[in-house]
Amino acid sequence: MSLIEDGNRDGDGGTDGGGDGSADGGGDGGRGGPDGLPRPGRAARRPGKGMLSRRRHRERTPLRIRLRRNRGRRLRRLLHAFLTLLATLCAAAVVAYHLTSIPKPHPETVTQSTVFLDADGAYLGRRGPVDRQDIPLSAVPRHVQEAVIAAENRSFRTDSGISPKAITRAALATLTGGDPQGGSTITQQYVKNALLSPEHSLARKAREALIAIKLDRTRTKDEILEGYLDTVYFGRGAAGIQSAARNYFGVDAESLTVAQGAALASILNIPSYYEKAGSDPKVTAKLENRWEWVLDAMAASGSITAKQRAAARFPAFRFYPPGETEGQRQYLIDVAAKEAADRLGITEDRLASGGYSVTTTFDLALQDSATQLAQKHPGGKKDVRVHTAVVGMVPGDGAVRVLYGGSDYARQSFNDAVSGAVEAGTALDPFSEVEHAGEPLSKLLKKPAPTPLELASVYATVAADGKYTGPYTVARITKEGRTVYRARPDVRQVLDEKEALVAGARSGAGPTPVAVAVDADADADVDIDADVAAGSAAVKGFALAGAGGGITRRTVWTTGYDGRLALTVALFADRAGSKKGTTVPAQLPNEPSPTEFAQRVAAGIWDAATSQGEAKGQSKGESKGASESDAAN
């Protein structure tokens, strides 16, 4: 045996080594070590099945432990993600804030109506697409401002323009499909009402918040409150505090009391519901509870004193919806609007949306009295329509105080008092011997069918000793507190004083007459009740005239005057003509007696005017006495 073979034998595992040996002695059989001793083989080190199972069990760490070991790393990752998201959102908000501009108010919030007032400043009505007029915050009493803040947003003076709680509530309502939620701050409400569309979406809500913040940073609180008060809806068709004051209480905003201001502030919560306050007992009671809550908040904040709180009484509201006499006012507004537009040199459409305040010459209390008296006529029979027209004006001035032109504006917008051509009959006979009448009286005296307004101006000339003044209905026009027009009556001497006196004597109508002068035809119809004939001096001072006589009477004129008022009542009838849309004169019904009815109307208006004049004179006297007493003290 060679040495090589001997060495290979040593390297083979044989039965002692347990298997084939590897070249480096690490095989299964185990190669002998340097010292010639066999190394333990792999078979000697391989564990049994039980040992493998225990090793695998030790190597597979439970999920709970693994999560615990990785918790810190996971939290760090979440924190990094949250901070990244927060930074991104903040950056986006900053960018959005700078890119967001404050939009201009939409057209309907800047469009204003033109309002009409009577001679004493009482609200008559309006013209325009919306019932709204801008006024400066200085024209709104402080207690009214504080009432709105107490009712709508008590932190208004100090907040940043938004309410995070309200925004979250609105967002949740939008996402879940719940009832729409509005912004709770006054700034957000102003942005929503005046600057943005009324849609309900998250995008609009986010934009509303950004604009509110920007508005709060770029404008003063007073500027925001002024814009809000000029645009917020109060019900009854009124947008803004000025229109609301007139619609609910018949006064300007600057005249609102503490109680009235708190009531309007309370209405803002649900204006479409509370607008019936004063006419619906249930609504009124509910509003009164909220009114008490607003006043208590004002007293707690020091906006009003404890004495003012104790003295406050729930105010009386104008009735809503308007009654029948409200509809009559459209006749007055028609005439005044046309005249105002002519005086300003603009169209009636421009006047309606121009935000003007038109003070008319009308006496609203006297007008309502005339309406109630004139509407007592039962009307004609079959196809005959009876018309009553009333005109009262100031002699020597031309200011029209009363103008009744029809019974129902909705059915007849035509104004009989201004545009109705009424057969004169004997109404102008007292002027038949006048030789030197100036213009325009001479033309009026030749008219066979003057309007009631024209006939009233003729007798007003007599009452003013021959001085003619054109009738007018607009005394003053203002815009934003500045007077843009003031009436200046054009007085002309058109009759000699002696001729005026003779004409007045022939008519039997004044000044302050004591007997009724009637034409021969009219005399047959006169049948005045004993109480009227004996009890009213005014009836005894009115002249009767007309066209037709007896049972064929077509028109009746009743006229009376003194130095303060010239009053004319016209009664006439018509029926449908042969052509569509035309009418022809008709005979007045005999029941009730047309002359008696005309005199009743005239007497009632005259008595109301006299009583009203005495009351005003007494009030002025008391005011003067009080002023003198104060000055003495």
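Summary of values
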quantity	calculated
Candidate set from the range 230-264 (those that are among the β-branched types (Val, Ile, Thr) and open to solvent by less than 30 Å² (accessible area, probe 1.4 Å)); member that is farthest from the chain's Cα centre (by Cα)	VAL258
Any chance ALA285 is out of contact with any His (no Cβ under 7 Å at 6 or more places or on another chain) and within 23 Å of LYS192 (Cβ to Cβ)	no
Qualifying residues in the range 399-422 (those that are among the charged types (D, E, K, R) and modelled with pLDDT of 90 or more) - the one surrounded by the fewest Cβ atoms within 10 Å (Cβ to Cβ)	ASP416
Which numbered condition ILE346 misses (of (1) of a type outside the set (D, E, K, R); (2) open to solvent by less than 60 Å² (accessible area, probe 1.4 Å); (3) free of Cβ contacts under 8 Å to residues at least 40 places away in the same chain; (4) in contact with a His (Cβ under 9 Å, 6 or more places away or on another chain))	(4)
Within the range 331-424, strands (runs of 3 or more DSSP E) holding 3 or more residues that are of a type in the set (Val, Ile, Thr) and touching a Leu at 6+ places or on another chain (Cβ under 9 Å)	356-360, 385-393
The range 383-398 - residue that is open to solvent by 10 Å² or more (accessible area, probe 1.4 Å) and either in contact with a Lys or Arg (Cβ under 8 Å, 6 or more places away or on another chain) or under 16 Å from ARG476 (Cα atoms) (or both) and, of those, modelled with the lowest pLDDT	ASP383
Some residue of the range 547-555 being touching a strand residue (DSSP E or B) at 6+ places or on another chain (Cβ under 8 Å) and at pLDDT 85 or above	yes
Condition check for VAL94: modelled with pLDDT under 80, over 30 Å from GLN328 (Cα atoms) and not in a loop (DSSP other than H, G, I, E, B)	yes
Test: residue in the range 216-230 that is of a type outside the set (Lys, Arg), in a loop (DSSP other than H, G, I, E, B) and farther than 23 Å from GLU275 by Cβ	yes
Members of the range 108-129 that are assigned to a loop (DSSP other than H, G, I, E, B), surrounded by fewer than 21 Cβ atoms within 10 Å (Cβ to Cβ) and not charged (D, E, K, R)	THR111, ALA119, GLY121, ALA122, GLY128, PRO129
Residue match in the range 473-487 (condition: more than 30 Å from VAL110 (Cβ to Cβ), touching a residue at least 12 places away in the same chain (Cβ under 8 Å) and not in a helix (DSSP H, G or I))	no
Residue list for the range 357-375, filter: open to solvent by 20 Å² or more (accessible area, probe 1.4 Å) and either without any contact (Cβ under 8 Å) to a residue 12 or more places away in the chain or in contact with a helix residue (DSSP H, G or I) (Cβ under 7 Å, 6 or more places away or on another chain) (or both)	ALA365, ASP368, SER369, LEU373
Residues (more than 21 Å from PHE597 (Cβ to Cβ) and not hydrophobic (A, V, I, L, M, F, W, C)) located in the range 547-582	ASP562, GLY563, ARG564, GLY577, SER578, LYS579, LYS580, GLY581, THR582
Candidate set: the range 438-452, residues that are part of a loop (DSSP other than H, G, I, E, B) and open to solvent by 30 Å² or more (accessible area, probe 1.4 Å); chosen: the one nearest to GLY470 (Cα to Cα)	PRO440
Residue in the range 182-198 that is at pLDDT 90 or above and exposed (fewer than 14 other Cβ atoms within 10 Å of the Cβ) present	no
Criterion: in contact with a helix residue (DSSP H, G or I) (Cβ under 6 Å, 6 or more places away or on another chain) and either open to solvent by 60 Å² or more (accessible area, probe 1.4 Å) or hydroxyl-bearing (Ser, Thr, Tyr) (or both) - qualifying residue of TYR459, TYR468, TYR472	TYR468
Residues of the range 542-581 that turn out to be surrounded by fewer than 24 Cβ atoms within 10 Å (Cβ to Cβ) and either in a strand (DSSP E or B) or in contact with a Pro (Cβ under 7 Å, 6 or more places away or on another chain) (or both), as a count	8
Some residue of the range 190-208 being under 16 Å from ILE149 (Cα atoms), part of a helix (DSSP H, G or I), among the hydroxyl-bearing types (Ser, Thr, Tyr) and without any contact (Cβ under 8 Å) to a residue 60 or more places away in the chain	yes
Checklist (1) farther than 30 Å from GLY125 by Cβ; (2) at pLDDT 90 or above; (3) in contact with a helix residue (DSSP H, G or I) (Cβ under 7 Å, 6 or more places away or on another chain); (4) open to solvent by 20 Å² or more (accessible area, probe 1.4 Å) applied to LYS221, failing item	(3)
Count of the range 426-436 residues which are touching a residue at least 12 places away in the same chain (Cβ under 8 Å) and surrounded by fewer than 23 Cβ atoms within 10 Å (Cβ to Cβ)	7
Residues satisfying the stated conditions in the range 298-322, i.e. assigned to a helix (DSSP H, G or I), among the charged types (D, E, K, R) and surrounded by fewer than 17 Cβ atoms within 10 Å (Cβ to Cβ)	LYS307
Selection from the range 256-273 of residues that are at pLDDT 95 or above and part of a helix (DSSP H, G or I)	VAL258, ALA259, GLN260, GLY261, ALA262, ALA263, LEU264, ALA265, SER266, ILE267
Residue count, the range 258-306 (criterion: among the β-branched types (Val, Ile, Thr) and in contact (Cβ under 8 Å) with a residue 60 or more places away in the chain)	3
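The values are calculated or read from the model by the stated rules, or taken from the named source; none is laboratory data. Keep in mind it's a predicted model, so treat the numbers as computed, not measured. FYI the Cβ positions are ideal-geometry reconstructions off the backbone, even for glycines, and counts take in every protein chain you see. Ligands, DNA and RNA are excluded from the accessible area calculation, which covers all protein heavy atoms including side chains. Shrake-Rupley method; radii C 1.70, N 1.55, O 1.52, S 1.80 Å.
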